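Here is the structure we will look at, set down as structure tokens.
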Ligand SMILES: C[S@@+](CC[C@H](N)C(=O)[O-])C[C@H]1O[C@@H](n2cnc3c(N)ncnc32)[C@H](O)[C@@H]1O
């Protein structure tokens, strides 16, 4: 009985910690997945990372849209950073070696995301339990975030410092204060999506 209590406490504590560290869990609307995919405009060989991926639904939608890898891919996450994956993938209409990474701080959300990825059978995707502020973003091509505006202010310096030239940053609902978007995607009745390019 006390084990159940302890596990519940750990889940709730990590959920509260993650809410405080970046944003509470509020999901991106499913009907906006296609907009995000279009705006990300991922090219073969690129890496997409979602910081604060919740249950990983955006990551899975992106991974599905860019294609399913047929052979299992090696982990792109090595100690100390994220490495581009270049293993061959089956070529097809929507296929390419785009790799999708989700980073989540809440243990419960991470475990759900991990399970959903396993069930999906997608190979071009990996979930990672960790803090957005501690990820090496130097090899990433597209960053997607749905955090609070205050969190964008805090993470802006890290993005400025680490992202390579040409990398894109996509934010949902709120802009990054102090940055000028290259695109503001507006659709009546739906949240704005902001695209930035370094
Ligand atoms: C507004 S929700 C968005 C969830 C998901 N990105 C989506 O759009 O459906 C923010 C998520 O970020 C996670 N989070 C908050 N701070 C974080 C941090 N510093 N590092 C990683 N994840 C964080 C929260 O646990 C939550 O799941």
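The values are calculated or read from the model by the stated rules, or taken from the named source; none is laboratory data. Treat the numbers as computed from the prediction; the structure is a model and nothing was measured. Quick reminder, even Gly has a Cβ in these numbers, built from the backbone with ideal geometry, and neighbours come from all protein chains shown.
Structural remarks
- Residues of the range 129-154 that are over 20 Å from residue 37 (Cα atoms) and crowded, with 20+ Cβ neighbours inside 10 Å: 132, 135, 151, 152.
- Filter result for residue 68 (over 23 Å from residue 194 (Cβ atoms), modelled with pLDDT under 95, buried (at least 17 other Cβ atoms within 10 Å of the Cβ) and within 16 Å of the ligand (Cβ to nearest atom)): no
- When 44, 24 are checked against the criterion of being under 14 Å from residue 141 (Cα atoms), at pLDDT below 95 and surrounded by fewer than 23 Cβ atoms within 10 Å (Cβ to Cβ), 44 stands alone in meeting it.
- Note on the range 32-54: residues that are part of a strand (DSSP E or B) and under 15 Å from residue 197 (Cβ atoms) total 1.
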